[in-house]
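Submitted below is the structure of interest, expressed as structure tokens.
Only the coordinates and a few stated rules stand behind these numbers; no lab work does. Small disclaimer: the values here were computed from a predicted structure and weren't measured. Cβ placement follows ideal geometry from the backbone for every residue including glycine, while neighbour counts extend to all protein chains displayed.
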């Protein structure tokens with residue numbers, strides 16, 4: 001396959017202008033092959049063309065619009081508050097005193113939040129022991145992502161014919177994920193039978209699509225499944241990267257804490273007002289995704305001939321915008337290795353500099369959900385805890401279908417109102433924190 005790679009904002013803007021009314025992206029052949037193999041409907045992530053556009057416009061209303069955010073934001077906040085109580089309990093038991101790898105906890109938080117937002121139900125992942133079906137679902141997502149990597153580089157027809165282990169594991173993982181979705185749908189259907197229509201309340205994105213959209217059930221199922229799978233790893237890794245950067249930059253953490261505390265007090269329980277009142281926090285999320293984007297590139301097919309930097313790109317060519325390369329470019333971001341959320345508060349144009357969620361009509365359908373989930377998590381964590389770490393060195397990244405940490409940094413939490421009494425002040429990194 002011939003591709004053209006770009007990474008300058010002005011060139012990405014030209015690509016946006018050239019993608020046409022039906023933006024076309026590359027497909028993940030292994031994912032598509034599973035849907036065909038099991039006769040499952042495809043979601044918009046695995047579609048192009050007019051049907052993609054029709055389904056996308058319906059989904060926009062319940063997933064990415066400001067009204068949709070105002071509906072599901074309280075559900076996400078409830079999960080975040082439960083997570084802070086979970087951290088409190090660990091601190092009381094002494095588990096939060098030492099530094100730990102937070103990735104498993106953040107993974108469970110992201111899954112719990114996504115489940116609540118989509119189905120209006122909880123999985124109970126903050127309990128001492130999660131239910132076996134939830135653990136099985138988590139393992140299935142991990143296996144699906146890990147087996148996607150080798151299948152990216154092998155012809156799907158060949159791996160199906162040879163029936164190699166990565167393909168068998170990939171199919172089994174997706175089967176478990178869809179089985180989990182089927183169970184959720186069955187529980188929801190049973191619940192709605194026992195509730196009179198006049199008493200229906202907002203119960204998540206799936207319910208809204210089922211009750212108010214004209215999409216077939218199989219189409220709703222496919223898109224909700226993709227939303228669940230796509231949101232968990234994205235959110236968990238973004239949160240870990242952000243917590244690490246704040247832990248090794250205590251001055252910035254303190255500044256953010258001041259901002260979110262003031263915004264929380266002025267919001268008086270209005271979640272949407274709270275989210276609008278934290279510009280530096282929004283900058284921190286952008287800064288995290290600049291330095292640590294989940295994906296390395298995003299792809300579009302040029303809908304018409306393009307000329308970029310005197311190069312002629314014929315219509316139909318795959319053009320890849322380098323998200324990671326753009327974010328580390330010193331010509332665009334001075335001192336690119338430093339973590340500085342204030343760079344996003346400038347009055348200068350930042351168009352096509354923050355493209356981790358894509359752009360235009362094909363931007364990530366779960367963008368607002370992810371931003372809301374990450375923002376609420378950071379707001380409530382910063383209000384209650386100081387995040388600390390001994391590690392000051394830059395983390396090492398690997399690419400395993402998404403950009404992730406090779407060796408997650410260890411973090412610890414201490415209550416804000418008990419900072420002086422915390423046993424952490426006697427720890428080996430006490431002098432670093434005081435400095």
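Just report the Cα centroid separation between the range 193-225 and the range 134-152, whole Å.
Between the Cα centres of the range 193-225 and the range 134-152 lies a distance of 27 Å.
Of the peptides 36-45, 202-211, how do they stack up when ordered by the mean number of other Cβ atoms within 10 Å, highest first? Please list the in-between numbers first.
Values: 36-45: 16.5, 202-211: 19.8.
Packing order, densest peptide first, comes out as 202-211, 36-45.
Return the whole-Å distance between the Cα centroid of the range 292-334 and the Cα centroid of the range 25-55.
23
Could you work out how far apart the two model spin labels at residue 311 and residue 367 are, taking each label as a point 7 Å from the Cα in the direction of the beta carbon, and quote it in nm?
A separation of 2.5 nm, rounded to one decimal place.
Also: Quick check on the chain: helices-only [θ] at 222 nm, where DSSP H runs of length 4 and up contribute -39,500 (n - 2.57) each and the sum goes over total residues. Nearest 500, please. The partial results should precede the final answer.
Numbers: 16 runs with 237 residues, N = 435.
Calculated from helices alone, the mean residue ellipticity at 222 nm is -18000 deg cm²/dmol.
Take every DSSP beta bridge whose two residues both sit in the chain, then give the antiparallel share in percent to the nearest 5. Write down the numbers at each step before the final one.
Working: 18 of 22 bridges.
If we restrict to bridges inside the chain, about 80 percent are antiparallel.
Can you tell me the length gained on complete extension of the stretch residue 27 to residue 160, counting 0.36 nm per residue apart and subtracting the Cα distance? The partial results should precede the final answer.
Details: separation 133, 0.36 × 133 = 47.88 nm, distance 1.73 nm.
Extra length available between residue 27 and residue 160 comes to 46.1 nm.
At a 10 angstrom cut-off on C-beta neighbours, averaged per residue, how do the peptides 232-240, 297-305, 150-158 rank from highest to lowest? Numbers along the way, then the final one.
Numbers: 232-240: 23.8, 297-305: 18.2, 150-158: 13.0.
My ranking of the peptides, most packed first, is 232-240, 297-305, 150-158.
Also, I was wondering about something else. At 0.36 nm per residue, and after removing the present C-alpha to C-alpha distance, how many nm does the segment from residue 89 to residue 261 gain when stretched out fully?
Working: separation 172, 0.36 × 172 = 61.92 nm, distance 2.21 nm.
Between residue 89 and residue 261, full extension yields an extra 59.7 nm.
Same structure, new question: Arranged from highest to lowest average of other beta-carbon atoms within 10 Å per residue, in what order do the peptides 267-280, 168-181 appear? Kindly include the intermediate steps, with their values, before the conclusion.
Details: 267-280: 15.8, 168-181: 18.7.
So the order, starting with the most tightly packed, is 168-181, 267-280.
Would you look at the GNM of the chain, springs on alpha carbons closer than 10 Å, and say which of 86, 311, 264 moves the most?
Looking only at 86, 311, 264, the biggest GNM fluctuation is shown by 311.
Next question. Just checking my list (1) 34, 28, 22; (2) 30, 27, 25; (3) 45, 31, 30 against semi-axes √(5λ) of the Cα gyration tensor in Å computed from this structure; which label fits?
Looking at semi-axes √(5λ) of the Cα gyration tensor in Å for this model, the match is (1).
Hey, what did the chain get for relative contact order, percent, Cα under 8 Å, at least 6 apart?
On the way: 571 pairs, mean separation 115.6, N = 435.
Across the chain, relative contact order equals 27 percent.
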